[in-house]
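Notes follow once the structure below has been shown.
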């Protein structure tokens, strides 16, 4: 009968529509002014060599491979930070970093992706790592990283997923809580002795997106 | 490639492994069961191979291989149960299991979310799924062709052949049993 008279079902009679499954929203895109410069520097090298100090991100591998036809060396120092936070090893974190990076020859790398690794390091460890990274870079090479500007208890790590030459997304995953060491501009300049700050942009997140060059 | 004078039986179905091939055997006889009309060969979970594995058809490995795998014109799939300690050369490599060793592909390397690779990758295209484990370097520099594996010197070849038997995966036509070298 309803079909004959085309009685429409009153909204109140209608069974409530099933709620769509909850979907965690895709993290917002973050624009980058510094990443394009990093890419420009590295792309000038024939067959560039990049070192990624974070965990492997498939999207980044595809992105850098397609864009740069590079050799990408993944040295997940963030994993070492987490392992050390849970159970400190003999010699400390610096020794673990030195062992992990020991296979890389000095002046063999065109670009280094630090992401926000230094936020999780104490000053001494950061200093030692920065010095080592500076030796790994070729002349003209570039180091790209993020440095927090506010003290905070860090309870997560961040994966930076490059979506475009000038944009990326953050993906967070749990971390053993650690206190962020804030590095001022002069601290960075001193820490990365041998490198010069080519560009530094303060993001809305409060992090300083920075590009270092080795002259 | 196929030595018919050797006592080689036809391949058994995957559920019943050939007699004489035990789970810990390092003999060169391998239970190769064909999964479809296409030239795809499967190496089962219980199979252990130590030596060089080469061939001219697609291959799926679910067992253990130690040594070298070479399928220059074909697709190599390393299944979720596979444990590989070898240098790998293929046209395309799909990793769903565990690999310790370098992987070289002329077209593509893909590491699925269940895959784990400790070693260097070399391919024009590399895809790594979320959740996959990887440690090493990824060489996506355009080189034209896959790097040819180092050819052993004459002296080394003889000693290698004696110490590490070679298993070949035969072409489809005219072959009904696994080759043995």
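The values are calculated or read from the model by the stated rules, or taken from the named source; none is laboratory data. Values in this document were obtained by computation on a predicted structure and should not be read as measured data. Please note: Cβ atoms are built from the backbone with ideal geometry, for glycine as well, and neighbour counts cover all protein chains shown.
When A:28, A:85 are screened for being touching a strand residue (DSSP E or B) at 6+ places or on another chain (Cβ under 9 Å), more than 14 Å from chain B (Cβ to nearest Cβ) and within 23 Å of residue A:201 (Cα to Cα), only A:28 passes. Scanning region A:39-62 turns up at least one residue that is facing another protein chain (nearest Cβ under 9 Å), touching a residue at least 24 places away in the same chain (Cβ under 8 Å) and loosely packed, with under 15 Cβ neighbours inside 10 Å. State yes or no: is residue B:90 surrounded by 18 or more Cβ atoms within 10 Å (Cβ to Cβ), in contact (Cβ under 8 Å) with a residue 40 or more places away in the chain and under 24 Å from residue B:44 (Cα atoms)? Criteria not met by residue B:90. Helices (runs of 4 or more DSSP H) fully within region A:74-150 that include at least 1 residues being touching a helix residue (DSSP H, G or I) at 6+ places or on another chain (Cβ under 9 Å) and over 24 Å from residue A:185 (Cα atoms): A:77-86, A:92-101.
Does at least one position in region A:150-169 carry a residue that is surrounded by 15 or more Cβ atoms within 10 Å (Cβ to Cβ) and free of Cβ contacts under 8 Å to residues at least 60 places away in the same chain? Yes, because at least one residue in region A:150-169 is surrounded by 15 or more Cβ atoms within 10 Å (Cβ to Cβ) and free of Cβ contacts under 8 Å to residues at least 60 places away in the same chain. In the set B:84, B:138, only one residue is within 14 Å of chain A (Cβ to nearest Cβ), modelled with pLDDT of 95 or more and either crowded, with 17+ Cβ neighbours inside 10 Å or assigned to a strand (DSSP E or B) (or both); that residue is B:138. Residue by residue through region B:109-132, note down the ones that are at the interface with another protein chain (Cβ under 10 Å from one of its Cβ atoms) and surrounded by fewer than 18 Cβ atoms within 10 Å (Cβ to Cβ). Of everything in region B:109-132, those that are at the interface with another protein chain (Cβ under 10 Å from one of its Cβ atoms) and surrounded by fewer than 18 Cβ atoms within 10 Å (Cβ to Cβ) turn out to be B:113, B:120, B:125, B:127, B:129, B:130, B:131. If you take the residues of region B:97-108 that are at negative phi and outside any strand (DSSP E or B), which of them is nearest to the other protein chains (Cβ to nearest Cβ)? So, considering only residues that are at negative phi and outside any strand (DSSP E or B), the one nearest to the other protein chains (Cβ to nearest Cβ) is B:102.
Looking at region A:169-215 only, could you name the residues that are part of a loop (DSSP other than H, G, I, E, B) and more than 19 Å from residue A:122 (Cα to Cα)? Scanning region A:169-215 gives A:194, A:195, A:203, A:204, A:205, A:206, A:214, A:215.
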